[in-house]
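The values are calculated or read from the model by the stated rules, or taken from the named source; none is laboratory data. Keep in mind it's a predicted model, so treat the numbers as computed, not measured. Ideal geometry is used to build each Cβ from the backbone, glycine not excepted, and the neighbour counts take in all protein chains shown. Side chains are part of the model used for accessible areas, which takes the heavy atoms of the whole protein and leaves out ligands, DNA and RNA. Shrake-Rupley method; radii C 1.70, N 1.55, O 1.52, S 1.80 Å.
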Amino acid sequence: MSLNVPSHASQFLRSRVANVCVAIAGTTSAEVIEKATVAVKETPFLEFRLDYLEKPLLALPRFKQFFADNTAATAIATCRRSANGGKFAGSLAAELEVLTKCAAVGFHMVDLELESAEALKKADLQKLRETGIGLLISHHDFNGTHDLDGIFTRINAFHPDFIKVVSTAKSLIDNLTLIRFLERMNDNSNLIGICMGDAGIISRVLGVRAGSAFTFAAATVGEETGPGQIAARTLLETYRIDQVDAATKVYGVAGNPIRSSLSPIMMNTAFRRETVNAVYLALQTNKLSDLLKLVHDIPIQGISVTMPLKQEIMSHLERTDPLSARIGACNTVLRAQDGKLYGFNTDVAGITGPLEKRMPLAGARILVLGAGGAARAAVFGLREKGANVFILNRTAETAQKLARQSGSKTIRKEALAKSSFDAIINATPIGMAGNKAAPLLEARDLNTKLVFDLVYNPLETPLIHLARQLSIPFITGIEMFVHQGARQFEIWTGKPAPEEEMFRVVLHALRQQAELAAAEAAESKPEAKSKSSAKPVAKPAAKPKAKTKPKPAAKSPAKPAAKPKSVAKPKPAAKSKPSAKPAGKKSAVKAKK
Ligand code: NAP
C-alpha cells in the first residue's frame, strides 16, 4: 500500500470532482459542445473525448468559450491514441501537443495513457505539468483483470493527480478483484478503478463505495465511450450511486443474457420509492460458482435467478419452499443473516396472482402452451389452486412428463377447436421480439374466456393482438413480470411492494425500447438516412410520464381486484398509473370469428 499525499493542486482538483464524470464524445466540435451543454446542467464533471474529433486542435477555441460560459464545469481532456484503445490516429507528439494546449483553454485535467507517459521524454512530460493542468494517468486492459497492483505501481511512479486503472470483467469475479484492490488502496483518494464489459456493472456502481475517487458514465444510452458504460442519469437516478454507502444492501438479477433485463429499473425504482437503502444490479453470468462467491463476498442479500441458473441453484440452497422443490426451479434467493441461502419461486405467484384477480381457479379449465420453466411454474401453481390443467407442447414427451408429475392432462392441437377453456396461457417464447416462429394458435383455437401471454416484449404480442381482435380479455406478460418482482421485493424487505409504480416504470421502459427500435428501423432505410443522420437517443426510464391506469383485461370475466391483496395502498405521490394497453391501440377490435 502506498500513501499518496496530495499537493495543493491535487487537493483543489479533488474538491471539484463529483462521483460521476460524464464522457462526452462527438465527431464535430459543434456536436460535442451541444452534448456538453446539455450534460453540464445535470452533472458538472465532464470528460471530453477529443480523440473522437478528426482535428482536435481546431476545436480548442470552442471549448474555451464553453468553459467561459460554464464556470461550474470541471473537465478532463482525453486524446487517447488508437494503440491504447482510443480513436486518435496521430503520433505521441501530436497527442502531447493537444493535451498541453488544453491547459490554456480551461480544461482542469488531462488523461494521459500509461503507455504514452512511459514513452515520453521526462522533459516533455515536465512541460505538460508546468502548464499547471491536473494529470490523470490511465491504463486500460481490454482483455481481462490482471495485475492491478503492478499497474498502480507503474502509474504511481509519475506522481499524477489521479491514477485510473481500468480492466475488463471477463467474469463476475473480476469485479471482486477490482473492489478488493480499491479497498486495499484506500489511502489513495486519487485512485479510480473500473471494470469494463457487461459483467463489470458491479464495479461501476459499487466502485465508489470501495474507494474509487469517481466513476465514468455515458451522456445518454447509446453514447457509451467504453464497453459496459452506464448512462449518467441511470447511474444517478436508477442506481442512486450518490447514496450507495457501507450500509447499502446489494441485490441483483443473475443469469445470461441479462443486458436488456428490465429487472434493475423495476427493482431499483421500488427500493427508491420505499426508501430502502439497497441497490439492485445486473449480474451477467453462466457460472453459478462465480455468483455464489459474489453472494458470499460482497455480500449480496438477494438474487432474482433467471436462465440458465434456475434449476442449478437448487442444490446450493439451505431450504426452498415446497412448490419450488416440486417444480425443481427457483427464481428468488434470500441470503439470511447467517449467510445461508433460501429459495422461493415467485414465478408461480406471477401467474396465479393475476389470474386469481379475474377468476376463481378451483375447477377452472386452463390450457398451458409449453412445458419449459415458465410452464412448469404455471402448471404446478394452477394445480395447487385446484385448476384442471391441459398441456400442449411441441415435444409431446415433455408435456406428458409434466402432466404425470403434476396430475394434469395433455392435449393435441387438433382437439383445441372443439375444447373450451377458462384461460389459455402462452408459456413459450413464440411472439417474443426476435422470435420468428409461427403463432401456435389460430382464431378457431381460442375458445377461452381469457388469454394470458407470459411474453412481455413486445407489448402487443401476436397472441394478444388476436385476443384483442376477438374481444377476448387478456393479461399481458408485464403483469406476471411485475407481480413476480413485487413478491421478491416483499420477501427481501418485508415491506409491501409499490406494485403500481413498478408496473408504470416497466411499461414506460418497454415503450421506449419499442420507440427506439422503430426509430432505428426507420433510420436503417436508405431514404430515411439521407433525411437525418442524427442517431435517436433513448433516455433511460428514470422519469416515466405515463398517466393512465392499468387495464390488463379488456372485458375481464371476473372483475379484477383493484389492488393485489398484499400490496399497500399506493402513496399519494403516485399520481400516474400505467396502462396495460399497448401504445397506439385504444379499443378492442370486434370479433372476426
Ligand atoms: P423454456 O424453459 O426454454 O421453455 C420454452 C418452451 O417453449 C418449451 O416447452 C418449448 O418446447 C416451447 N417452444 C420453444 N420454441 C417453440 C416453438 N418454436 N414452437 C413451439 N414451442 C416452442 O423457456 P421458459 O423459461 O419456460 O420461458 C418461456 C417464455 O415465457 C419466455 O420466452 C418468456 O417470454 C416468458 N416468460 C415470461 C416471464 C414474465 O415474467 N413475464 C417469466 C418467465 C418467462 P420444447 O419442449 O419442444 O422445446
- Query: How many residues does the range 402-417 contain that are part of a strand (DSSP E or B) and either at positive phi or more than 14 Å from the ligand (Cβ to nearest atom) (or both)?
  - Reply: 1
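Test Pro439 against the criterion of being of a type outside the set (Lys, Arg), within 13 Å of the ligand (Cβ to nearest atom) and open to solvent by 20 Å² or more (accessible area, probe 1.4 Å), and give yes or no. Step through it out loud before you land on a result.
Numbers: of a type outside the set (Lys, Arg): yes; within 13 Å of the ligand (Cβ to nearest atom): yes; open to solvent by 20 Å² or more (accessible area, probe 1.4 Å): yes.
Taking the combined requirement at face value, the residue satisfies it.
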- Task: Scan the range 420-434 for residues that are touching a residue at least 12 places away in the same chain (Cβ under 8 Å) and either open to solvent by less than 20 Å² (accessible area, probe 1.4 Å) or within 14 Å of the ligand (Cβ to nearest atom) (or both) and jot them down.
- Result: Phe421, Ala423, Ile424, Ile425, Asn426, Ala427, Thr428, Pro429, Ile430, Gly431, Met432, Ala433
- Within the range 160-179, work out how many residues are in a loop (DSSP other than H, G, I, E, B) and either in contact (Cβ under 8 Å) with a residue 60 or more places away in the chain or under 16 Å from Arg80 (Cβ atoms) (or both). 3
- If you scan the range 294-314, which residues turn out to be under 11 Å from Thr332 (Cβ atoms), within 16 Å of the ligand (Cβ to nearest atom) and open to solvent by less than 10 Å² (accessible area, probe 1.4 Å)? Ile303, Ser304, Val305, Ile313
- Query: Among Ala399, Ala377, Ala387, which is touching a Gly at 6+ places or on another chain (Cβ under 8 Å), open to solvent by less than 20 Å² (accessible area, probe 1.4 Å) and within 10 Å of the ligand (Cβ to nearest atom)?
  - Reply: Ala377
- Task: Taking Ile472 as meeting all but one of (1) within 12 Å of the ligand (Cβ to nearest atom); (2) in a loop (DSSP other than H, G, I, E, B), write down the number of the exception.
- Result: (1)
- Task: Filter the range 118-140 down to residues that are within 34 Å of the chain's Cα centre (by Cα) and open to solvent by 20 Å² or more (accessible area, probe 1.4 Å) and give me whichever is farthest from Cys195 (Cα to Cα).
- Result: His139
- Item | Scan of the range 175-200 for residues that are open to solvent by 20 Å² or more (accessible area, probe 1.4 Å) and in contact with a helix residue (DSSP H, G or I) (Cβ under 9 Å, 6 or more places away or on another chain), ordered by number | Thr177, Arg180, Glu183, Arg184, Asn186, Ser189
- What is the one condition in (1) part of a helix (DSSP H, G or I); (2) surrounded by 16 or more Cβ atoms within 10 Å (Cβ to Cβ); (3) modelled with pLDDT under 50 that Pro540 does not satisfy? (1)
- Query: Does the range 62-70 contain at least one residue that is under 30 Å from His159 (Cβ atoms) and of a type in the set (A, V, I, L, M)?
  - Reply: no
